Amino acid sequence: MPVPDEQIFPHATGAALSTVEAHKEPQELVFYAGWFCPYVQRSWICLEERGIPYQYKEVNPYKKEKHFLDINPKGLVPAVEYHGKALYESLVLCEFFEDAYPDHKPTILPGDAYIKAYARIWVDFASKSFLPAFMRLMQSQEQDKRDAARTELYEALRKFAAQVKGPYFLGEEFSLVDVAIVPWITRDYILAENRGYKREDVSAEWKRYADHVEQRESVVKTKSDKDKYAEIYGRYLRDEAQSEAAKAIRAGRVIP
């Protein structure tokens, strides 16, 4: 019996499709992506922000081709092939792009050692506090569990928003902290439509930040049409999705 997620829409649409079309030619950096994946969007935003040459290759992570598995046995997107060597993990890739392409600007990590470390603390917060609560709210089937997850999510977002310097997390410069959280901001309409979430109910500071950061050009250029996400996220709302993140939330484990 095939895994349900194998039947996802096969390619990017809307603004993201135009971005894909602009990155068909071979490059030393091959970016293996799934158009629908928020983790992919993290790394994709960094590539677009910094103007790094790359070749985009679409992968259905639930139906992987042999070459992809040969270079990346973990089998997850995003991944890159760089001079024949593979790397993966969305935030690792974002930092790799900084190191491998130092002449491409702007950077997404500050040069100051203290501020860079401070940024990494909040990137970690986004991954460990915000994201699990977001996923639990989406996947919970019982009302009491949804209410608890929504409360947890709001608390995490208020804590985050209280540290936003404005208009971006660290101030005027868009950074890895913004990259770490914005793919889920662009998808929070799913929670608004199905789980009683409202940006304004978190705080005025959160709504102001979220409304601004989702309009960043690199974010818009890596988003597909909303209707194409419906089939994918419907599975999360029914708690039927088979992604590693969905299975981890279902089992009460840390998201890999």
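The values are calculated or read from the model by the stated rules, or taken from the named source; none is laboratory data. Given the structure is predicted, the values throughout are model-derived calculations rather than measurements. Glycine also receives a Cβ, built like all others from the backbone with ideal geometry; neighbour counts cover every protein chain displayed.
Things to note:
- Residue in the range 231-238 that is outside the structural domain of Gly75 (by TED's automatic domain parsing), assigned to a helix (DSSP H, G or I), at pLDDT below 95 and of a type in the set (Val, Ile, Thr) present: yes
Every residue, every condition in (1) surrounded by fewer than 16 Cβ atoms within 10 Å (Cβ to Cβ); (2) closer than 16 Å to Pro110 by Cα, yes or no:
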{"residue": "Lys128", "(1), (2)": "yes, no"}
{"residue": "Arg136", "(1), (2)": "no, no"}
{"residue": "Ser140", "(1), (2)": "no, no"}
{"residue": "Gln143", "(1), (2)": "yes, no"}
{"residue": "Tyr154", "(1), (2)": "no, no"}
{"residue": "Phe160", "(1), (2)": "no, no"}
{"residue": "Gly171", "(1), (2)": "yes, yes"}
{"residue": "Val179", "(1), (2)": "no, yes"}
{"residue": "Val182", "(1), (2)": "no, no"}
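- Search result, residues across the range 57-78 that are of a type in the set (S, T, N, Q) and either exposed (fewer than 15 other Cβ atoms within 10 Å of the Cβ) or in contact with a Phe, Trp or Tyr (Cβ under 9 Å, 6 or more places away or on another chain) (or both): Asn72
- Search result, residues across the range 216-251 that are within 22 Å of Glu193 (Cα to Cα), under 14 Å from the mean Cα position of the chain (by Cα) and among the charged types (D, E, K, R): Lys223
- Scanning the range 46-57 for residues that are farther than 19 Å from Asp103 by Cβ and not basic (Lys, Arg) yields Gln55, Tyr56.
- Being under 16 Å from the mean Cα position of the chain (by Cα) and within 29 Å of Leu17 (Cβ to Cβ) is a condition met by no residue of the range 63-72.
- Test set (1) modelled with pLDDT of 95 or more; (2) over 22 Å from Glu21 (Cα atoms); (3) surrounded by fewer than 20 Cβ atoms within 10 Å (Cβ to Cβ) - Ile108 fails condition number: (3)
- Glu48 vs. criteria in a strand (DSSP E or B), in contact (Cβ under 8 Å) with a residue 40 or more places away in the chain and of a type in the set (D, E, K, R): no
- The listed residue being in contact with a strand residue (DSSP E or B) (Cβ under 7 Å, 6 or more places away or on another chain), of a type in the set (A, V, I, L, M), outside the structural domain of Lys223 (by TED's automatic domain parsing) and outside any helix (DSSP H, G or I), out of Val77, Val20: Val77
- Within the range 123-218, helices (runs of 4 or more DSSP H) holding 3 or more residues that are closer than 25 Å to Ala241 by Cα and at pLDDT 95 or above: 131-139, 143-161, 176-185, 189-194
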